[in-house]
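Chemist: Below is a structure I'd like to ask you about.
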Amino acid sequence: MLPKETLDTSVLPPGERFGMWLELVARTSAPMRVRSEHDEDFIARADFVDLGPIQLIRYDYPSLDAFRTPKLIRQSDPELYILALTTGGVGTSSQDGRRSEIQAGEFTFYNASRPHDLGHHAKEPERDQASSIVTMIPHAALPLPPERMAALYGGRMSGSEGIGALLAQFLLQVTGHPEQYHAADASRLGAVGLDLATTMLGRHLVAEDAVPTEVRRRALLTQVQSYIHRHLGDAALDPHVVANAHHISVRSLHRLFEGEDATVASYIRDLRLARCRRDLTDPALRNQPVQTVAARWGFPDKAHFSRAFKAAYGTTPQDHRDSGSDLARIVNRRASTVNSRQAD
């Protein structure tokens with residue numbers, strides 16, 4: 001599981017909850033002055049996920065307003081950029097004279113080394129919480145010209161299309177399901193998140209040339225791989241379809257995969273075979289014909305699927321299914337024996 005720390009004020013008596021939250025805010029690397037009309041019973045939660053080059057914080061809290069003042073900056077300046085995705089409620093962001101209203105599914109961006117104001121309010125304060133996912137990025141880690149970044153402070157960016165949508169999905173998945181990853185994955189996931197954030201910010205600067213070439217390549221590769229995962233069941237999915245969907249040539253797509261362990265076509269084939277292999281031993285799918293499973297993952301030709309499966313795994317699809325069923329019967333037989341002994 002990814003390293004995660006959680007703060008949940010609901011474990012305290014109502015009168016102590018807001019104080020606990022203020023202590024949390026005071027201990028963060030970029031403390032802010034916070035006020036809320038719900039200070040008498042402030043039920044809030046913060047999940048911190050450390051990904052090496054970046055840190056993610058998933059927040060759920062009542063409506064509040066926060067202020068990063070010059071005095072607080074003098075006391076603590078960690079030199080961080082903050083990229084915040086609003087996931088519930090309506091936010092406001094103000095820095096360097098620019099003010100924006102941030103709806104759910106939108107990002108805002110600001111510099112923690114400069115004064116700024118934030119607000120985040122639930123749409124129905126008596127029933128709902130406000131929620132967000134914050135990405136904390138060290139100034140030195142963001143490979144974009146620092147003098148250009150002020151153009152984005154206090155602004156808003158879409159999290160529902162293009163790179164923004166991919167970044168939003170990444171943040172929701174990683175913070176919502178940290179148990180699905182190993183601690184050893186943290187730095188690699190952090191690098192992926194940083195690449196996506198850099199590419200999105202670079203495009204909003206209308207200066208994608210400011211984004212280093214390797215960062216653009218990795219971000220595009222992540223976008224392409226995500227597209228392939230979502231369309232594996234389409235039998236027509238091939239390098240031409242993938243290239244057209246991303247407005248690049250097939251030659252450029254092949255160059256994109258040159259540093260990987262597989263070509264585009266083999267990447268698609270291997271993913272499809274892995275899905276089929278998994279489903280063939282799924283007890284819930286036992287009554288589905290082998291060819292139905294294969295067609296679901298883009299193998300409409302039975303003979304072609306059998307050849308590809310045997311070449312990859314050294315056995316036929318049916319034999320693989322049968323071996324999985326035999327193992328399940330052995331396990332179930334042992335479980336029945338143990339249960340019967342316990343019952344005795």
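Chemist: Cut-off under 16 Å on the C-alpha distance; same-chain residues fewer than 8 positions from LYS302 excluded. Which lysines are left, in chain and number order?
Modeler: LYS302 reaches LYS310.
Chemist: Using a probe of 1.4 angstrom, how much of the accessible area of the chain is carbon and sulfur, in percent? Let's see the in-between values first.
Modeler: On the way: 8850 of 17780 Å².
In the chain, the share of accessible area belonging to carbon and sulfur is 50 percent.
Chemist: Based on a Kirkwood Rh over C-alpha pairs, give the Stokes-Einstein translational diffusion coefficient of the chain at 10 °C and viscosity 1.306 mPa s in µm²/s.
Modeler: On the way: Rh = 23.2 Å.
Taking Rh from Cα pairs, D becomes 68 µm²/s.
Chemist: Additional query: Could you tell me what fraction of 2.2 N^0.38 Å the Cα radius of gyration of segment 17-66 comes to, as a two-decimal ratio? Display every interim value, and only then the final one.
Modeler: Values: Rg = 11.6 Å, N = 50, 2.2 N^0.38 = 9.7 Å.
That works out to 1.19 for segment 17-66.
Chemist: Using Stokes-Einstein with the Kirkwood hydrodynamic radius over Cα pairs, what translational diffusion coefficient do you get for segment 92-186 at 20 °C and a viscosity of 1.002 mPa s, in µm²/s rounded to a whole number? Please report the intermediate quantities before stating the final value.
Modeler: Working: Rh = 15.2 Å.
After rounding, the answer is 141 µm²/s.
Chemist: A further question on this structure: Just check segment 38-158 against the gyration tensor rule for me: Cα atoms, a ≥ b ≥ c as the square roots of the eigenvalues, rounded for a/c under 1.5, and otherwise prolate or oblate depending on whether a/b exceeds b/c. Please report the intermediate quantities before stating the final value.
Modeler: On the way: a/c = 1.60, a/b = 1.52, b/c = 1.06.
Prolate shape, in that a/c is at least 1.5 and a/b is the bigger ratio.
Chemist: What are the semi-axes of the equivalent ellipsoid for segment 117-235, taken as the square roots of 5 times the Cα gyration tensor eigenvalues, largest first, in whole Å?
Modeler: Values: eigenvalues 113, 100, 47 Å².
In descending order the semi-axes read 24, 22, 15 Å.
Chemist: How much net charge surrounds TYR153 when only other residues with a Cβ under 14 Å from its Cβ are counted (Lys, Arg +1; Asp, Glu -1)?
Modeler: Details: positive: ARG68, ARG98, ARG99, ARG114, ARG148, ARG156; negative: ASP96, ASP117, GLU147.
Spelling it out: positives minus negatives among the neighbours equals +3.
Chemist: When you take every Cα atom in segment 201-294, what is the radius of gyration, and what is Dmax, the widest Cα pair distance, in Å?
Modeler: Reported Rg and Dmax, both Å: 16.7, 55.
Chemist: Would you kindly calculate the translational diffusion coefficient of segment 148-198, applying Stokes-Einstein with the Kirkwood radius from alpha carbon pairs, for 37 °C and a viscosity of 0.692 mPa s, and quote it in µm² s⁻¹ without decimals? Walk me through the numbers before you get to the answer.
Modeler: Values: Rh = 12.3 Å.
After rounding, the answer is 267 µm²/s.
Chemist: With n ≥ 4 as the cut-off for DSSP H runs, can you work out [θ] at 222 nm for the chain, using -39500 (n - 2.57) per run divided by the number of residues, rounded to the nearest 500? List each step's numbers first, then the result.
Modeler: Working: 11 runs with 149 residues, N = 344.
Mean residue ellipticity at 222 nm (helix-derived): -14000 deg cm²/dmol.
Chemist: Can you spot the aspartates and glutamates whose alpha carbon is less than 17 Å from LYS123's alpha carbon? Ignore those fewer than 8 places along the same chain.
Modeler: In chain and number order, the partners are GLU37, ASP60, ASP65, GLU101, GLU106.
Chemist: On to the next question. Compute a Gaussian network model of the chain, connecting alpha carbons closer than 10 Å, and tell me which residue from GLY154, GLY176, GLY88 fluctuates the most.
Modeler: Of GLY154, GLY176, GLY88, the Gaussian network model singles out GLY176 as fluctuating most.
The values are calculated or read from the model by the stated rules, or taken from the named source; none is laboratory data. On a predicted model such as this, the values are computed, not experimentally measured, just so you know. Cβ atoms come from the backbone with ideal geometry, glycine included; neighbour counts cover every protein chain shown. For the accessible areas, the whole protein counts, side chains as well, though only heavy atoms, and no ligand, DNA or RNA atoms are used. Shrake-Rupley method; radii C 1.70, N 1.55, O 1.52, S 1.80 Å.
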